[in-house]
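A quick write-up on the structure given underneath.
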Amino acid sequence: MFDGTGKYVPNDKAVNEAEYDYWVTYYRVIAENFVVPAWFIKLRDINLSYSLPDKWVNKMKVLSDITIGLYGRNLVTIVDKKNQFTDPEFSFTNTNGLGVSTTSQSPPVKQYGVTLSVNFK
């Protein structure tokens, strides 16, 4: 085994079976040891759009409105510092197990995009 400087150090620390037994028998079966505060603040969806002025759009005889927009989804999620697990809305359960997840699910991703809306006369 190597220490933090890259120097080889023999692994001579014995594992105390009583400590391991405590973990297996008691600590991991007490649910409160794994409960974290579930509050969160999330910037889930933001849109910014701009409609072109009518004097520009009216020059094109077939159009009545043009709007250009930007959007973003799941941009920021702030959780309690004790919640190191996952997005609180990301869960495989439909009960109160918020944030309980498995490795077979993909977490929500950040999305960015541009929109163009054109209305014809």
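If you check VAL57 against the conditions, is it modelled with pLDDT of 75 or more and either within 30 Å of VAL114 (Cα to Cα) or basic (Lys, Arg) (or both)?
Answer is yes for this residue.
Out of VAL36, VAL76, VAL62, report the one residue that is surrounded by 14 or more Cβ atoms within 10 Å (Cβ to Cβ) and at pLDDT 70 or above.
Answer to the check: VAL36.
The values are calculated or read from the model by the stated rules, or taken from the named source; none is laboratory data. Just so you know, these numbers come straight off a predicted model, no measurement behind them. Here the Cβ is made from the backbone with ideal geometry for all residues, glycine too, and neighbour counts use every protein chain on show.
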